[in-house]
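*Asks:* Pasting a structure below so you can have a look.
The values are calculated or read from the model by the stated rules, or taken from the named source; none is laboratory data. As the structure is a prediction and not an experimental result, all values here were calculated from the model. Neighbour counts are summed over all protein chains in view; Cβ atoms, including those assigned to glycine, are modelled from backbone coordinates with ideal geometry.
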Amino acid sequence: MATLTVRNLEATMIEKLKARATQNGRSMEAEARAILAKEFAPPHESGAAFVERIRQRFTDVDTSDLNFDRDPDQGRPVRYEQ
């Protein structure tokens, strides 16, 4: 892990960071890490956006030689005896 030192912060900024850290039950350092992590985390992708991205990735794939027929020995219904 790298270490980051930030100098010359305004007193009001420090007070706001302290207040926010206290509100969230964290140290100032932990609060600063949480702020940075939230700001620079990869964007959250919805399920629909993920499916569309995968669909787009495989639009040019030739599937004509793939066999999608169901294997007759697989997926037979379960029979319950009474």
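*Asks:* Pairs, please: C-beta under 6 Å, at least 6 apart or cross-chain, first residue closer than 30 Å to Leu4 by Cβ and free of Cβ contacts under 8 Å to residues at least 24 places away in the same chain and in segment 37-61, second exposed (fewer than 10 other Cβ atoms within 10 Å of the Cβ) and small (Gly, Ala, Ser)?
*Replies:* Taking only residues 6 or more apart or on different chains, not a single pair turns up.
*Asks:* Taking segment 7-21 on its own, how many of its residues are outside any helix (DSSP H, G or I) and either closer than 13 Å to Ala32 by Cβ or touching a residue at least 60 places away in the same chain (Cβ under 8 Å) (or both)? Give the derivation first.
*Replies:* First, the residues of segment 7-21 that are outside any helix (DSSP H, G or I): 7-10.
Those still in the list that are either closer than 13 Å to Ala32 by Cβ or touching a residue at least 60 places away in the same chain (Cβ under 8 Å) (or both) too: 9.
Looking only at that region, the number is 1.
*Asks:* Output yes when any residue across segment 36-46 is at pLDDT 85 or above, surrounded by 10 or more Cβ atoms within 10 Å (Cβ to Cβ) and of a type in the set (Gly, Ala, Ser), and no when none is.
*Replies:* Scanning segment 36-46 turns up no residue that is at pLDDT 85 or above, surrounded by 10 or more Cβ atoms within 10 Å (Cβ to Cβ) and of a type in the set (Gly, Ala, Ser).
*Asks:* Next question, about the same structure. What is the residue count in segment 1-46 for residues that are on the phi > 0 side of the Ramachandran plot and under 15 Å from the mean Cα position of the chain (by Cα)?
*Replies:* Final tally of qualifying residues: 0.
*Asks:* Filter segment 47-80 for residues that are acidic (Asp, Glu) and at pLDDT 85 or above; which is farthest from the chain's Cα centre (by Cα)?
*Replies:* Kept after step one, since they are acidic (Asp, Glu), are these residues of segment 47-80: 52, 60, 62, 65, 69, 71, 73.
Next, from what is left, pick out any that are at pLDDT 85 or above: 52, 60, 62, 65.
Numbers: Glu52: 16, Asp60: 27, Asp62: 31, Asp65: 35 Å.
It comes out as Asp65.
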